[in-house]
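Reviewing the structure listed below.
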Amino acid sequence: METNYLAATSVNDIEVFKLFQIINDEITKLDKPVIKNDEDLLKGFPGYVTFEAHSNVITDVSIAPDGAVMCTSSDDGYVRFWNTAGLTEDKTEIPNTLHEWYPHDNAPVNCIKFLDNYQVSDPDIPYWRFLLTAAKQTQEIKIWCTVKWNCLQSLSFHMNPMSPLNNHSIPPQMKLAVDQTGNYIMITDINRRVLYCLECCSEFGESEQGPFSNGDCSIRSINVCLIDTPILSFHMSAVKGKCSLEAH
């Protein structure tokens, strides 16, 4: 059975829902699923867990396509990998921490994204192999290998110190999104009205550990587009094989 997870954050706490267990299979007379109420969840209903994930405010959360791991970031500078496989039908456990580290030298991390292709389900290609982290209001981006936990690539945005005092001298304020294929990263600079499109390429190789045990992921190209108005928020989705961008 396909499993969908939902994660919600509140300050430094996180709630994780295994949806097909939370939503009862029984159908009411109104032809609507019976949803467990708060009291059921607080009693330890299977498929739900809440716990303190960080010592400071949680800034972002991402769940891998297979639901096996969850990743959280925080103002404390930590990024943590969690084993969500503990959320099984017969028990509810606080997930184990698989790995934790400071990806940006103790700086608060404001964004994390798995660089998986959510549109292709190939059992031969591993999930959650590559992770993107961002800090300093997304002015600093890093791509990580979650096998060796080494940084594969680092990218930084800087203002020009020689520019006159105008909009170009305002520090960047960036927002980031990744499309469902993991091949494109869109970044908008709110202050300077710039839109960046980054093409990301993932490769899986072989080593002594077996097929797909080695690989690389990196940003191969960057396109820059000047826009008339700031983009405060946006969402990327794929429609009929093409990338669609909705901006506000």
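Readers should treat all values here as calculations from the given coordinates under stated rules, not as data from a laboratory. Quantities reported herein were computed from a predicted structural model and do not represent experimental measurements. Ideal geometry is used to build each Cβ from the backbone, glycine not excepted, and the neighbour counts take in all protein chains shown.
Amide H to amide H distances under 5 Å link residue 51 with 14, where only residues 5 or more positions off or on other chains count and H is placed in the peptide plane.
Backbone amide hydrogens, once placed in the peptide plane, bring residue 138 within less than 5 Å of 110, excluding anything fewer than 5 places away on its chain. Length gained on full extension, residue 15 to residue 191: 60.0 nm, using 0.36 nm per residue less the C-alpha separation. Once fully extended, how much extra length lies between residue 99 and residue 159, figured as 0.36 nm per residue of separation less the alpha-carbon to alpha-carbon distance? Extending this stretch completely gives an extra 18.2 nm. Between residue 121 and residue 151, the modelled label-to-label distance comes to 3.7 nm, taking each label 7 Å out from Cα in the direction of the beta carbon. Each residue of segment 55-70 was assigned a 3J(HN,Hα) from its phi angle through the Karplus expression (A = 6.51, B = -1.76, C = 1.60, θ = phi - 60°), giving 7, 10, 5, 6, 9, 7, 8, 9, 10, 5, x, 8, x, 6, 9, 10 Hz with x at Gly and Pro.
Derived scalar couplings between HN and Hα for segment 78-83 equal 7, 10, 10, 9, 10, 8 Hz in order, rounded to whole Hz, by the Karplus curve 6.51 cos²θ - 1.76 cosθ + 1.60 (θ = phi - 60°), x for Gly and Pro.
The stretch between residue 85 and residue 223, if pulled fully straight at 0.36 nm per residue, gains 45.8 nm over its current Cα-Cα span. Around the amide H of residue 99, modelled in the peptide plane, lie the amide H atoms of 81, all under 5 Å away and 5 or more residues distant in sequence or on another chain. The protection proxy used here, the mean number of other Cβ atoms lying within 10 Å of each residue, ranks peptides 96-104, 65-73 as follows, highest first: 65-73, 96-104. Working note: Karplus 6.51/-1.76/1.60 with θ = phi - 60° gives segment 111-119 the couplings 7, 9, 9, 6, 9, 9, 8, 6, 8 Hz, where Gly and Pro are set to x. Packing, as the average of other Cβ atoms within 10 Å across residues, places the peptides 50-61, 219-230 in the order 50-61, 219-230, highest first.
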